[in-house]
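Only one structure is covered here, and it is reproduced in the block below.
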There are 2 protein chains.
Amino acid sequence: MNPKYKDQELAGYKFYESISSIPDDSPIDLAMVAVPAKITPIILEELGKKGVSFVHIFSSGFSELDSEFDKTGKKLEEELIKIASKYGIRILGPNCMGIHNPKGKMTFLMAPFMEEGSVGFISQSGGIAVAHGMRSPSLGYYFSKNISLGNQIDLDLIDFLRYFKDDPDTKIIGLYVENLKRDGNKLIPLLKEITPTKPVILWKGGKLQTGHQAVMSHTGGMAGEYKLWQTMAHQTGTILVDDLKELTEMVQTCLTYPIPKTLGTAVLSMSGGTAVDSTDKVELNGLIMPRISENTYKKINEFIPEVNSNLKNPLEYGGNNSMKATLKTIELLAEEKQFSFIILGASPEFIVYRRGNSLDDYLKDLSNALPPDSDKLLMCVTSSMTMSSAGIKLNSQFRSRSLSHGFVAYDSTEAAAKCCYRLWEYGQYLERRNLIKRNNKKVVVSK
Amino acid sequence: MNPKYKDQELAGYKFYESISSIPDDSPIDLAMVAVPAKITPIILEELGKKGVSFVHIFSSGFSELDSEFDKTGKKLEEELIKIASKYGIRILGPNCMGIHNPKGKMTFLMAPFMEEGSVGFISQSGGIAVAHGMRSPSLGYYFSKNISLGNQIDLDLIDFLRYFKDDPDTKIIGLYVENLKRDGNKLIPLLKEITPTKPVILWKGGKLQTGHQAVMSHTGGMAGEYKLWQTMAHQTGTILVDDLKELTEMVQTCLTYPIPKTLGTAVLSMSGGTAVDSTDKVELNGLIMPRISENTYKKINEFIPEVNSNLKNPLEYGGNNSMKATLKTIELLAEEKQFSFIILGASPEFIVYRRGNSLDDYLKDLSNALPPDSDKLLMCVTSSMTMSSAGIKLNSQFRSRSLSHGFVAYDSTEAAAKCCYRLWEYGQYLERRNLIKRNNKKVVVSK
């Protein structure tokens, strides 16, 4: 609807002059409103008269622009709510991108991102909803729905969380939240209902109480409010992360791995310096690095000489590594009870450019590295040796394809270790609530 | 020298059967030894007889392989030291890559990395020396010398630090250290001599006392030894970082920026969510975000409408940003006393793919964004929107070229904020020692 283009067409669809001029024979499922804020009440009134039940208000210029002294936006929003309740309209927004729903062929993204997936994402920021959506192909996962909430004057976080709880297409839920608009007391019981079957990953933006405001001093800001979120997460089994990168890595982790039984981690590394660094990053993030048993050590020593190597944990191959030796080592480590995580320093650059092997074979080798019934989690860490465009591109291909090969390729040991620890913590929660037993076989939550 | 290839040639150089068979008319400046560890004493003895003064022992298989019960490697090293002192030979290594010295046409890297630069790097890990060297082209800086220390049985960290102190080609010094072999008491006074004129950036690997060993429990490990390193850094003005990525970012920072006068930071961001996140990352890393003055705010509001924007700090342009508006905003912020840092969320992907502008123009615009006499530090943060191969490649080109355009492009606000804070802390040290006055004009340490 746009009076400027009256009777014209766009992609086969006719423009109408007004909402009332739209013929009644085709009912309107959803209206998307993108007029200046001031006019939205008039449009909503017309939509109500037309019998439209669902309205997404894209327009901004509402309460998000208000100051201490000027509450114009808030007043406009109250007007909208009044009209909506008169006609029984449900509103998404205002000030939001709306819903990306590939199954329903509805999106705020462009065509290449329309594949259907199993991740449900709810974001209080439209920019972050778009950024997350556009990263899909490189992350190796797609969305059931990706929702930009905006000012939440009607439909809010709780409504969509409740929807995802029962949505069979959604296996994992990601959240970007800045603050709660209302119903804070409903959040904890709802999360407790969801987390036993669907992992919930929460990025809380605006950790400091000063938040979005610029102030000269903010002592104690974080100690206050964010601690509440941390406590809430602990009580509900919600997995907390610190930014979009961590959120996407945690989604990949939950999509790919079973719940680990222990914090025990084995690290396979190519260079001594990297091995030392990996130990720091692994242990500083809460994992532990048990010894390799004497027996396994001896077996590894049969095919890897000691010179230029360190066959303890972290294992360091130096110049002696070959794919065959790596695979054999993983196989041996898979039999060691003290490890749940095997973190492999993988270098697609080395394999492809130096060894001349194909990326396909490398991915396949790694996807078959663990015995099929293994309860270990094999994760890769790839950082480009040269950081050249070609190297970075190869790594990014490797990473985006890793998920479909049954493992996650992280860009740093720190990123991998954080995800390991968070997945283990999630397992602890499930165990506390008697939802899993760690001495059981493989526990997969999200498949 | 290799008896196997006696009288053969390689690239025009003749193989000799033994060291004694090399004619005396061409003196040997440096010998590089890459024979099995056991034979190294024999070779060293021959080199001594031949009058060779400098020997780099590449071979490994020395004390790094020793265990509690087997000290074979240590004994071999002692034998080498004995022979060396008999003949007055200085040894680098064993178990190291040696020296990358582009000016002297000597390297452990390949040809494309031979450009001369102003960064001196000393690494206790050969792998990290190589990794740092190979990243050069993508980092936008090169080395005066890049040194792999190995087991340091003779020449050690202190020797090379002392060399870099007086080396006119070296403006900035980077260090990767796992532990001190000896002369620990010489390190502090030496660093105090260096840091007033050359920033020293130190990555201490093996932060936990358990370090390279695998143990089940390491409580209190870090509290012990690493605290000593932190105290040492504080006392000497040494800049501590946590991994190679942080080290390279800090080198770029010191190469590019003057010492900041305050911690005041202005953030320019494209989306609201990113702005909230940036605030978290900036403030959690010790920077502060003062208000924009009423006067400047009004001036910005003249060319940027309020809808879809937040003109406070962090500034958020939403859909209203144009390069012209960005440049005008930077110009206005450059006049505000309360800011030292201006952190700009830059998106080469948006500029090149969406706007159709060239990367060259974008780089040039940014390099001229600040008035020439400004004491502000303009830094960019680029993260790929799509994380696609093309997007990542474009960002990596932007980053590698940013240094030559007078700014650093970091891959996250967190990375930028950490560097800002560390540079400010370094300034604090210089001020405590009365080496700079902050109320002076621009202070550039490393140019």
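Quick note: the coordinates plus some simple rules give every number you see, no bench work behind them. Please read all numbers here as calculations on a predicted model, not as lab measurements. Neighbour counts run over all protein chains shown; Cβ positions are idealised from the backbone, glycine included.
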### Summary
Of the convex hull drawn through the C-alpha atoms of region A:3-92, the volume per residue in Å³ is 100 Å³
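In region A:38-84, what is the volume of the convex hull around the alpha carbon atoms, normalised per residue and reported in Å³? Numbers along the way, then the final one.
On the way: hull volume 3.0 nm³, N = 47.
Per residue, the Cα convex hull of region A:38-84 comes to 63 Å³.
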#### Entry: Shape of region A:1-160, Cα gyration tensor, a/c cut at 1.5
oblate
### Query
Between A:Glu115 and A:Val35, what length comes free when the chain is fully extended (0.36 nm per residue of separation minus the Cα-Cα distance, one decimal in nm)?
25.8 nm
### Task
On a 0 to 90° scale, report how tilted helix B:389-402 is relative to the longest principal axis of chain B, with both axes built from alpha carbons and the result rounded to the nearest 10.
80 degrees
### Message
If you take every residue apart from B:Ala233 with its C-beta less than 14 Å away from the C-beta of B:Ala233, what net charge results, scoring Lys and Arg +1 and Asp and Glu -1?
### Response
+2
### Query
What is the spin-label model distance, in nm, from B:Ser367 to B:Arg182 if the labels are put 7 Å beyond Cα along the C-beta direction?
4.9 nm
### Query
Leaving out same-chain residues fewer than 8 places away, which lysines sit with a Cα under 17 Å from that of A:Lys393?
B:Lys393
### Message
Test of understanding: in a Gaussian network model of chain A with alpha carbons linked when under 10 Å, which of A:Ile122, A:Ile330, A:Ile19 would top the mean-square fluctuation ranking?
### Response
A:Ile19
### Message
With angles folded into 0 to 90 degrees, how steeply does helix B:157-166 sit against the dominant principal axis of chain B? Use alpha carbons for both and round to 10.
### Response
60 degrees
### Query
Taking the Cα centre of chain A as the origin, how large is its charge dipole in debye, to the nearest 20, when only Lys and Arg (+1) and Asp and Glu (-1) carry charge on their Cβ atoms?
840 debye
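Over region A:265-432, calculate the relative contact order: mean separation of alpha carbon pairs under 8 Å at least 6 apart, over the residue count, as a percent. Intermediate results must be reported in sequence, preceding the final value.
Working: 238 pairs, mean separation 41.1, N = 168.
That works out to 24 percent.
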### Task
Calculate the spin-label point distance for B:Arg432 paired with B:Lys6, positioning each point 7 Å from the Cα along the beta-carbon direction, and give it in nanometres.
6.5 nm
### Task
Using only alpha carbon pairs under 8 Å that are at least six residues apart, calculate the relative contact order of chain A and give it in whole percent.
12 percent
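For the protein assembly as shown, count the residues as N, evaluate 2.2 N^0.38 Å, and divide the Cα radius of gyration by that value, please.
Values: Rg = 30.2 Å, N = 894, 2.2 N^0.38 = 29.1 Å.
Against the compact-globule rule of thumb, the ratio is 1.04.
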### Task
Considering Cα pairs under 8 angstrom that are at least six residues apart, work out the relative contact order of region B:3-92 and quote it in whole percent.
26 percent
### Task
Mind pulling the angle between the C-alpha long axis of helix B:126-139 and the longest principal axis of chain B? Nearest 10 degrees, somewhere in 0 to 90.
40 degrees
### Task
Calculate, in whole percent, how much of the Cα-Cα pair population of chain A lies beyond 35 Å.
40 percent
#### Entry: Sequence-distant aspartates and glutamates (8 or more away, or on other chains) whose Cα lies within less than 13 Å of A:Lys165
A:Glu193
### Task
Using DSSP, restrict attention to beta bridges with both residues in chain B and report what percent are antiparallel, rounded to the nearest 5.
15 percent
#### Entry: Position B:Gln397, label points 7 Å along Cα→Cβ, spacing to each other copy in nm (shortest first, one decimal)
1.8
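Assuming a ≥ b ≥ c are the square roots of the Cα gyration tensor eigenvalues, decide whether region A:348-419 counts as rounded (a/c under 1.5), prolate (otherwise, with a/b larger than b/c) or oblate. All intermediate terms of the calculation are to be shown ahead of the outcome.
On the way: a/c = 2.29, a/b = 1.33, b/c = 1.73.
Since a/c reaches 1.5 but b/c is at least a/b, the shape of region A:348-419 is classed as oblate.
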### Query
When we measure straight from the Cα of B:Lys4, which lysines land under 19 angstrom away, once same-chain ones fewer than 8 places off are left out?
B:Lys14, B:Lys38
### Message
What is the sum of charges, Lys and Arg at +1 and Asp and Glu at -1, for the other residues whose Cβ falls under 10 Å from the Cβ of A:Ser347?
### Response
+1
## Note on the structure
In the structure shown, of A:Lys105/B:Lys281; B:Lys145/B:Lys227; A:Lys50/A:Lys198; B:Lys328/B:Lys437; A:Lys207/A:Lys245; B:Lys6/B:Lys50, the pairs separated by more than 27 angstrom at the C-alpha atoms are A:Lys105/B:Lys281; B:Lys145/B:Lys227; A:Lys50/A:Lys198; B:Lys328/B:Lys437
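Under the classification rounded if a/c is under 1.5, otherwise prolate if a/b is larger than b/c and oblate if not, where does region B:265-432 fall, given a ≥ b ≥ c as square roots of the Cα gyration tensor eigenvalues? Display every interim value, and only then the final one.
Values: a/c = 1.45, a/b = 1.12, b/c = 1.29.
Note, shape of region B:265-432 comes out rounded.
Net charge around B:Met114, counting only other residues with Cβ within less than 12 Å of its Cβ (Lys, Arg = +1; Asp, Glu = -1)? List each step's numbers first, then the result.
Numbers: positive: B:Lys103, B:Lys105; negative: B:Glu115, B:Glu116.
Charge balance near B:Met114 sits at 0.
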### Top of A:Thr413, A:Thr296, A:Thr238 by mean-square fluctuation, Gaussian network on chain A, Cα under 10 Å
A:Thr296
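Given +1 on the Cβ of Lys and Arg, -1 on the Cβ of Asp and Glu, and no further charges, what dipole in debye does region A:3-92 carry about its Cα centre, rounded to the nearest 20? Kindly include the intermediate steps, with their values, before the conclusion.
Values: 12 positive and 15 negative charges, 26 e Å.
Dipole magnitude for region A:3-92 comes out near 120 debye.
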### Summary
Dipole check, chain B, charges on Cβ (K,R +1; D,E -1), about Cα centroid: among B:Ala416, B:Met114, B:His56 the Cα furthest to the positive pole belongs to B:Ala416
### Mean projected area in nm² (Cα convex hull; one quarter of hull surface) for region A:87-186
6.7 nm²
### Message
Ordered shortest first, which distances in nm separate the 7 Å Cα→C-beta label point of A:Leu359 from those of the other copies?
### Response
1.8
### Task
May I ask you to report, in nm to one decimal and beginning with the shortest, the distances from B:Pro112 to the same position in the other copies, taking label points 7 Å along Cα-to-Cβ?
2.4
### Message
Which one, A:Leu244, A:Ala334, A:Thr386, projects farthest toward the positive side of the charge dipole computed for chain A from Cβ point charges (K/R +1, D/E -1)?
### Response
A:Ala334
